[in-house]
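One structure is given here, and the rest of the page talks about it.
The values are calculated or read from the model by the stated rules, or taken from the named source; none is laboratory data. Bear in mind the structure is a predicted one, so any value in this text is a computation, not a measurement. We place every Cβ from the backbone using ideal geometry, glycine too, and count neighbours over all the protein chains shown. What goes into the accessible areas is simple: the full protein's heavy atoms, side chains included, and nothing from ligands, DNA or RNA. Shrake-Rupley method; radii C 1.70, N 1.55, O 1.52, S 1.80 Å.
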Amino acid sequence: MTLLIRVSKQVQRNSFQNPLLYRLLSESSALRKGPESKECKWLFGSSQEILSVVRGHVEVRQNFISEEEENALFKEVETGLRKKRYEFDHWDDAIHGYRETERLQWGVTCESILRRVRAVAFPEGSPLLGPIHVLDLDKEGFIKPHIDSVKFCGSTIAGLSLLSDSVMRLVPENKSTDWVDLLLSRRSLYILRDDARFKFTHEILKDEESFFSGQKVPRHRRISVICRNLPV
Ligand code: OGA
Ligand code: MN
């Protein structure tokens with residue numbers, strides 16, 4: 001799955017290699033009140049301009065699922081994940097410290113959650129990738145900047161976050177000094193569409209670098225349940 005759907009694109013961003021420097025940058029940005037999105041608590045970026053580029057192409061719906069629904073999803077994916085070992089050693093992979101599985105058939109509760117995800121995330125009639133992708137990131141795990149394969153996936157990526165809050169960073173392919181951070185709270189649904197999906201890399205920050213608007217966002221083990229559509 002990893003090989004099929006991902007094309008890893010590593011981007012040089014020296015200023016963010018140092019978490020302290022990044023924190024200082026975020027804090028000074030927060031003080032200036034410049035890059036914070038006025039409308040939502042989950043969007044933060046390096047400038048108002050970059051926020052206006054992604055606005056309408058990114059969405060985070062906090063508390064999209066209840067604790068009971070999170071439990072139901074967790075129980076159902078855990079059986080598939082348990083058989084696998086976390087992968088830490090492949091440094092050329094887009095993901096470090098993870099295991100993953102796919103699931104086509106779901107129980108009644110989970111199927112109804114996924115139906116709700118499809119209804120809000122995808123255009124009506126859009127052909128979907130059949131199996132749902134389940135990615136389990138260890139506490140030490142993280143996802144490096146990459147763009148999902150345009151050959152295998154369409155315009156929209158929608159993901160539920162279980163077990164932990166995290167920060168997803170988007171960086172424009174053509175301007176690697178700009179960035180947009182999304183706060184993916186536990187039990188939220190995020191949706192990346194069109195330009196945010198095609199023209200920006202996305203990544204999930206490692207625990208040491210996991211700050212949103214200057215605030216630490218502790219990263220624990222995190223499971224994502226990701227729906228994608230097919231290219232047209
Ligand atoms: C991926 C990816 C994000 C997530 O698997 O390609 O970017 O939410 N996952 O786990
Ligand atoms: Mn991806």
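Within the stretch 156-232, all pairs of alpha-carbon atoms sorted by distance into 5 Å bins from zero give the percentages 3, 15, 25, 24, 19, 11, 2, 1.
These residues, Arg103, Arg193, Arg169, go from largest to smallest accessible area, 1.4 Å probe, as Arg103, Arg193, Arg169.
Here the 3J(HN,Hα) profile of the stretch 182-196, calculated from phi with Karplus coefficients 6.51, -1.76 and 1.60 at θ = phi - 60°, is 10, 7, 9, 6, 3, 6, 8, 10, 10, 9, 10, 10, 6, 4, 5 Hz, Gly and Pro shown as x. Once both labels are positioned 7 Å from their Cα atoms along Cα-to-Cβ, the gap between Asp89 and Thr177 label points is 4.1 nm. Other residues with beta-carbon under 9 Å from the beta-carbon of Asp165 carry, at +1 per Lys or Arg and -1 per Asp or Glu, a net charge of +3. Projecting the Cα atoms of Ser210, Trp91, Ser176 onto the dipole axis of the stretch 74-232, where Lys and Arg carry +1 and Asp and Glu carry -1 at the beta carbon, places Ser210 farthest toward the positive end. If R0 is taken as 30 Å, the Cβ-Cβ distance between Gln215 and Gln48 corresponds to a FRET efficiency of 0.90. Both numbers refer to the Cα atoms of the stretch 91-167; Rg and Dmax are 13.9, 39 Å. Ranked from largest to smallest solvent-accessible area, with a 1.4 Å probe on the protein heavy atoms, His133, His220 come out as His220, His133. Relative to one another, the C-alpha centroids of the stretch 189-232 and the stretch 112-161 are positioned 11 Å apart. Kirkwood radius, the stretch 76-232, all distinct C-alpha pairs, inverse of mean reciprocal distance: 16.1 Å.
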